[in-house]
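Visitor: The structure follows.
Rule-based calculations on the coordinates, nothing more; no lab input. It should be emphasised that the depicted structure is a prediction, and the values quoted were computed from it without experimental measurement. Note that we place each Cβ from the backbone using ideal geometry, even for glycine, and neighbour counts take in every protein chain shown.
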Amino acid sequence: MESPCQHSDYVEMTVHFRCNLKCRHCMILDSMHWLKPADDSELSALLEENRQSKQWQGLILTGAEVTLRKDLPQLAERARAAGFQHVRIQTHAMRLADMAYCETLVASGIDEYFVSVTADTAARHDLITEVPGSFDKTLQALRNLDTFPGVRLMTNTVVTRLSYQGLPEVVELLKDLRNLVQMDFWNYWPMEEEGNPELLVSHFDVRPYLKQAILLARKYGRHVEVKNFPHCLMGETSSALKNDQPELRIDPKFWDEFNRNGFEQCAYRDICGSTQCLGLNTAYVNHFGWHEDRLSPMPRSA
Ligand code: SF4
């Protein structure tokens, strides 16, 4: 299935840095207390910029958990009034287990929901989020949102040692959602040189489960995007790797933390033709090595 949304058509702004989950893989778990969200003047400037340039079709409101902002519906209304055809939120969606809140957000103009489903079972999801009952709320939210015509659902499941074996089951779990257009599988970003051994897992252990999940999701008509997995290990599913992202407006200090991942480490980086691959990162290499004998540079046209 073709991508329902081109990343270049969207701009992303971080408007909130608080969350009521503690996902173990969270990229900003240690930095969200000091990262600064965009203030109202920055949002207004972005809306005005797009009103004049019409550069983007969609605005993504993100940061940590944006549904904790009481004025989220008003932000969406302003974005729509400024000419954005789509407003998306990135969310764990727990608050959307309340149908009345779904109605409020949909009526405000939020038509796309990028929802974090961390695992295939309540036991695993709640272990990862560290909040009992979070899985049930997120699933109820997806079922609620699935009743609204015109709403687009997307999910992301972060691939870690705690989740990888359940990736195909996540696809099965969500197979009846009619509004689900895209499923993402983002391989764990360690955000530090050592990474968390509890989360790190060999790409070779992940590969069969990831492949099965991709093929299954495609069978159900979903567009699939994988991030941060070696391109040369994806075989027949290699077209699912897409590390592009919408333009992100975020506190510039975030990038100092992000760059601690140390991407692009691969013995073959200089000769490999993949334009999507991020290679390995520092924490991965420290734990599992370089895999020179198992990675293979892709042709220049890849
Ligand atoms: S050889 Fe290295 S850079 Fe090329 S696709 Fe494989 S992991 Fe990525």
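Visitor: With θ set to phi - 60° and the Karplus curve 6.51 cos²θ - 1.76 cosθ + 1.60, what are the ³J(HN,Hα) couplings of the range 47-56 in order, to the nearest whole Hz, using x for Gly and Pro?
Guide: Rounded to whole hertz, the list is 4, 5, 4, 6, 4, 7, 8, 6, 6, 10.
Visitor: Testing the spin-label approximation: label points 7 Å from Cα along Cα→Cβ at GLU48 and LEU29. State their distance in nm.
Guide: Roughly 4.0 nm, to one decimal.
Visitor: Taking the chain as a Gaussian network, where each spring joins two C-alpha atoms under 10 Å apart, which residue of GLN212, GLN52, GLN245 fluctuates the most?
Guide: The residue that fluctuates most here is GLN52.
Visitor: Relative contact order for the chain: what percent, with Cα pairs under 8 Å and sequence separation of 6 or more?
Guide: 17 percent
Visitor: With a cap of 10 neighbouring Cβ atoms within 10 Å, and only residues DSSP puts in a loop, list the GluC sites (Glu not before Pro) found in the range 255-302. Don't skip to the end; give the middle numbers.
Guide: Details: sites: GLU257, GLU264, GLU292; in loops: GLU264, GLU292.
Answer by residue number: GLU292.
Visitor: About the Cα centre of the range 164-244, how large is the charge dipole given +1 on each Lys and Arg Cβ and -1 on each Asp and Glu Cβ? Please answer in debye to the nearest 20.
Guide: 580 debye
Visitor: Taking the range 72-152, which GluC sites (Glu not before Pro) meet the DSSP loop condition and have no more than 12 other C-beta atoms within 10 Å? Don't skip to the end; give the middle numbers.
Guide: On the way: sites: GLU77, GLU103, GLU112, GLU130; in loops: GLU130.
Those that pass, being in a loop and sparsely packed, are GLU130.
Visitor: On a 0 to 90° scale, report how tilted helix 203-219 is relative to the longest principal axis of the chain, with both axes built from alpha carbons and the result rounded to the nearest 10.
Guide: Tilt of helix 203-219: around 50 degrees.
Visitor: Using alpha carbons only, how many degrees (0 to 90, rounded to 10) separate the axis of helix 99-108 from the longest principal axis of the chain?
Guide: Computed tilt is about 80 degrees.
Visitor: Once you've got the GNM for the chain with C-alpha springs shorter than 10 Å, pick whichever of PRO168, PRO230, PRO132 has the biggest mean-square fluctuation.
Guide: PRO132
Visitor: Whole number please: convex hull volume per residue, Cα atoms of the range 7-288, in Å³.
Guide: Dividing the Cα hull volume of the range 7-288 by its residues yields 127 Å³.
Visitor: Given labels modelled 7 Å from the Cα in the Cβ direction, how far is it in nm from PHE288 to GLN57?
Guide: Each label point is offset 7 Å from its Cα along the Cβ direction, giving 3.5 nm.
Visitor: Provide the per-residue ³J(HN,Hα) series for the range 70-77, in order, calculated from phi with Karplus coefficients 6.51, -1.76, 1.60 and θ = phi - 60°, each as a whole number of Hz, with x at glycine and proline positions.
Guide: Values per residue, Gly and Pro as x: 5, 8, 4, x, 5, 4, 5, 4 Hz.
Visitor: Can you list the HN-Hα couplings for the range 178-183, worked out from phi with the Karplus curve (6.51, -1.76, 1.60; θ = phi - 60°), rounded to whole Hz and with x for Gly and Pro?
Guide: 6, 8, 7, 9, 8, 10
Visitor: Express the relative contact order of the range 72-202 as a whole percentage, based on alpha carbon pairs under 8 Å and six or more residues apart in sequence.
Guide: Computed value for the range 72-202: 24 percent relative contact order.
Visitor: Follow-up. Could you put SER134, SER108, SER8 in order, starting from the residue whose Cβ has the fewest other Cβ atoms within 10 Å?
Guide: Fewest to most other Cβ atoms nearby, the residues stand as SER8, SER108, SER134.
Visitor: Hey, if you put +1 on the Cβ of every Lys and Arg and -1 on every Asp and Glu Cβ in the chain, which of LEU61, LEU177, ILE128 ends up farthest toward the positive end of that dipole?
Guide: Most positive-ward Cα: LEU177.
Visitor: In the chain, what cysteines have no partner Cβ closer than 4.7 Å?
Guide: Isolated Cys, the chain: CYS5, CYS19, CYS102, CYS232, CYS266, CYS272, CYS277.
Visitor: To continue, here is another question. For each of TYR220, TYR284, count neighbouring Cβ atoms within 10 Å of the residue's Cβ, then give the residues from fewest to most.
Guide: Fewest-to-most ranking of TYR220, TYR284: TYR220, TYR284.
Visitor: Can I ask one more? Can you return the lysines within cross-link range of LYS242? Criterion is Cα-Cα under 24 Å, with same-chain partners fewer than 8 residues away left out.
Guide: LYS175, LYS211, LYS219, LYS227
Visitor: Report the Cα centroid-to-centroid distance between the range 243-296 and the range 166-192 in angstrom, as an integer.
Guide: Between the Cα centres of the range 243-296 and the range 166-192 lies a distance of 21 Å.
Visitor: Please list, by residue number, every one of the chymotrypsin sites (Phe, Trp or Tyr not before Pro) in the range 14-110 that is coil in DSSP and has at most 14 other beta-carbon atoms within 10 Å. Can you show the working numbers first?
Guide: Values: sites: PHE17, TRP34, TRP56, PHE84, TYR101; in loops: PHE17, TRP34, TRP56, PHE84.
For chymotrypsin sites (Phe, Trp or Tyr not before Pro) across the range 14-110 that sit outside H, G, I, E and B with at most 14 neighbouring Cβ atoms in 10 Å, the list reads TRP34.
Visitor: Pick from SER238, SER41, SER116 the residue whose mean-square fluctuation is largest in a GNM of the chain, springs joining Cα atoms under 10 Å.
Guide: Result: SER41 has the largest fluctuation of those listed.
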